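One structure is given below, encoded as structure tokens.
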Amino acid sequence: FYIMIVVLLFGAFAGLMITSQASPIAQNLIGMDPQNAALAVSILALFNTAGRIASGTLSDKIGTPNTLAITFTLSAAALLLMTQCQTGSSALFLLCISLVGFGFGSIMGVYPGFTAQQFGSAHNSVNYGIMFIGFALAGAIGPTMMGQIRGITGQYQPAFLISAGLNLLGLGAILCFKKRLSPVRK
């Protein structure tokens, strides 16, 4: 349970942090006008949706822990790449937020089923509700941290690095889960 809630916290952290700040990042870091920044947020949302669909299919084929490991790896890579974004790097920025959105959608898409796999489906609505504490914590901490770091440093990049680090910790946690605690499943 504890590993799973930490995995959800770290997995939702980047998605909620970037989703909450995508338009300001696009405008302040990349130099997009408000209309293109809004378009960037829409692209992020589309990839979030695609992640939910694709990860469900992938999870059925290779298992949820493997799907989550891939998700954490892609999201960490995208966040590290985001540290290279600067004025005029719209294509790189869109690629990065697309990958973060895809990863966020992937985690949110597989977690209800993952919870049922581990704790049974009889009480999944209650079990997933408890597991959702990880999401709530990510929603409170991620966007707040991003705003505070931006306010203190005047930059977004330190928050991207912290979030990438949390994704790598999430990857380690899911690999630990897979190796030690997972029942005999893919």
Per residue convex hull volume, Cα only, the chain, in Å³ is 98
For Tyr2, placing the label point 7 angstrom along Cα-to-beta-carbon and taking region 127-158, residues whose amide nitrogen sits under 17 Å are 131, 133-134
1/(1 + (r/R0)^6) with r = Cβ-Cβ of Arg180 and Ala45, R0 = 25 Å, i.e. FRET efficiency to nearest 0.05, evaluates to 0.10
Taking N as the number of residues in region 36-127, the ratio of its alpha carbon radius of gyration to 2.2 N^0.38 Å works out to 1.23
To the nearest 10 degrees, the tilt of helix 90-119 (Cα long axis) against the first principal axis of the alpha carbons of the chain is 20
Relative to the chain, whose Cα atoms define the longest principal axis, helix 64-82 and its Cα axis are tilted in degrees, nearest 10, by 10
Whole-percent carbon and sulfur contribution to the accessible surface of region 1-120 (1.4 Å, no ligands, DNA or RNA) stands at 66
Expected unfolding gain across Ile141-Ser90 under the 0.36 nm per residue rule, minus the alpha-carbon gap, is 15.7 nm
Counting only protein heavy atoms and rolling a 1.4 Å probe, one gets per residue an accessible area for the chain in Å² of 46
The chain: relative contact order from alpha carbon pairs under 8 Å, six or more residues apart, as a whole percent, is 40
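The values are calculated or read from the model by the stated rules, or taken from the named source; none is laboratory data. Keep in mind the model is a prediction, meaning the values are calculated, not measured. Cβ: placed from backbone, ideal geometry, glycine included. Neighbour counts: every protein chain shown. These accessible areas exclude ligands, DNA and RNA; they are computed on the full protein's heavy atoms, side chains included. Shrake-Rupley method; radii C 1.70, N 1.55, O 1.52, S 1.80 Å.
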